[in-house]
1. For every other residue with a beta carbon closer than 14 angstrom to the beta carbon of residue 86, add +1 if it is Lys or Arg and -1 if Asp or Glu, then tell me the sum.
2. Which residue, 121, 33, 189, has the largest displacement toward the positive end of the dipole of the chain when charges sit on each Cβ (Lys, Arg +1; Asp, Glu -1)?
3. What net charge is computed for the residues neighbouring residue 237, neighbours being all others with C-beta under 15 Å from the C-beta of residue 237, Lys and Arg scored +1, Asp and Glu -1?
4. When Lys and Arg each count +1 and Asp and Glu each count -1, what net charge do the other residues less than 9 Å away from residue 136, Cβ to Cβ, add up to?
5. In whole Hz, with x marking every Gly and Pro, tabulate ³J(HN,Hα) for segment 95-107 from phi via Karplus 6.51 cos²θ - 1.76 cosθ + 1.60, θ = phi - 60°.
6. For a quick protection proxy, order the peptides 408-415, 60-67 by their average other-Cβ count within 10 Å, most packed first.
7. Using amide H atoms built in the peptide plane, which far-off residues or other-chain residues are under 5 Å from residue 97 H to H?
8. What are the residues whose amide H is under 5 Å from the amide H of residue 402, where those residues sit 5 or more places off or on another chain and H is modelled from the backbone?
Amino acid sequence: MYKFSKYNHYGRLDSGDILLYNVFSSSVALLSVEEFERLRNESRPALKTVDLFKTAASQGFVVPSDEDETAKLLALRHSNNFNDRRAAFQILPTTGCNARCFYCYEQDFSPCTMTRETADAVVSFILDYCETMEEVTIAWFGGEPFTCEKTMAYISSKLIPAFDQRGTRYFANVITNAALISQNNIENIVRDYRISSVQITLDGHGEEHLKRKNYIDRNVSYEQIIEAISLLTNKGVQVLVRINADRNNLDSCMEAIRDLALSGADQEFLWPYVAPLYSDKNASHCIPKSELNAVFARAYKTLIDFGFIRSVDGLPMNFANATCCAKMLNNFVIAPNGDISKCEHLLNVEDEVIGNVSTGLRFNAAFARWTSTDIPDKCLECGYLPICQAGCAAAEHRGFGYGRCAHIAFIHDAVITAANYLLKKGGEQHDGLAQEQRSFQ
């Protein structure tokens, strides 16, 4: 006996077939209308449809009738959030920045830069906390972290040898505007800081990007940022380019995608994606829910045309066995003054501090709230829970974006439109990754 998965999403293509995708199993299928209706409406397969149901069950499109899919998902979520073998630390060497983005939530923060004394305390805190960990991730953030590259270098020089000696796996990534990445420090980034993943934001093409970034150094050029992206990818660093789109820069964002395609960057390591620009007040320039499908249909078409999406499962329909970093027990944000919190969006909220690198952690109300396993009822019933993992509590708290919900919950029509366009162009249905089964152990 089977039932149609609650995490299935589907739409009719111009060919008449049904595109079916499951956001828990990450599987994608093209089905005839008859096959689709059988899977959706029949609980017990007939003899002639046994093979269809067996395949559908192996891909998660149908599940045993007594399976509680939400409980299974939450068990995986809890296992991930309370994993005691790995830890992650988001370190802010400064809240100062060389750019002045008009939408930045840190614009009201008082600039603060980490001292050598605090850096030593950061090293000691992390090494002590991770004494029994098998894996550690350091995420550099700011402000602009590369304005304090000496602090990045110093902390890295202490942590990496210590973890190597212990046999602890060490990973590092950075969120940066890339204005300070060049031939002068690329080797340090890869070799000395062991940064393997970088997130860079583009706010459009050329002058539009520069206007929005509003760099303090007027000599910074858009071409310089594109060159930094190429430098990183050509060193084998995975570069995620977040293209911030709002109502006023859509055309420019599409041009930025073209620029990336023509930049000479190694596309194996380059992943541009479009994201709606948020602000605390959700001002009129922000994209409302009602316009998201049109915006993302255009964005996906452009990404397809320039070769960044080559298969249907390259569209946003994949299970994320992760959650908001703040919800993970062993994930911490370390401010330049050494204060520890769970969410970088709430660094300026006194009640969110859960300790200091010099004095240690305290399991106060904020710590308890962030590590609670409670999930809103609306999330438990939502068919996008495997992707958004109950969304962003900070967005709900501060009132930016679409509240707790991720924009993915509102762009189903754009996904179907993009899949239809890609298949017409001769794109592949699968790239192999979507067929990987996520077993529950």
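1. That sum, taken over residues with Cβ under 14 Å, equals -1.
2. Ranked along the dipole, the leading option is 33.
3. Combined, the nearby Lys, Arg, Asp and Glu give -2.
4. Charge balance near residue 136 sits at 0.
5. 9, x, 8, 8, 10, 9, 4, 5, 9, 5, 6, 8, 5
6. 408-415, 60-67
7. Those lying under 5 Å, H to H, from residue 97 are 144.
8. none
The values are calculated or read from the model by the stated rules, or taken from the named source; none is laboratory data. All values reported here derive from a predicted model rather than from experimental measurement. Every residue, glycine among them, receives a Cβ derived from its backbone with ideal geometry; neighbour counts consider all protein chains shown. In case anyone asks, the SASA skips ligands and DNA or RNA and just uses the protein heavy atoms, side chains included. Shrake-Rupley method; radii C 1.70, N 1.55, O 1.52, S 1.80 Å.
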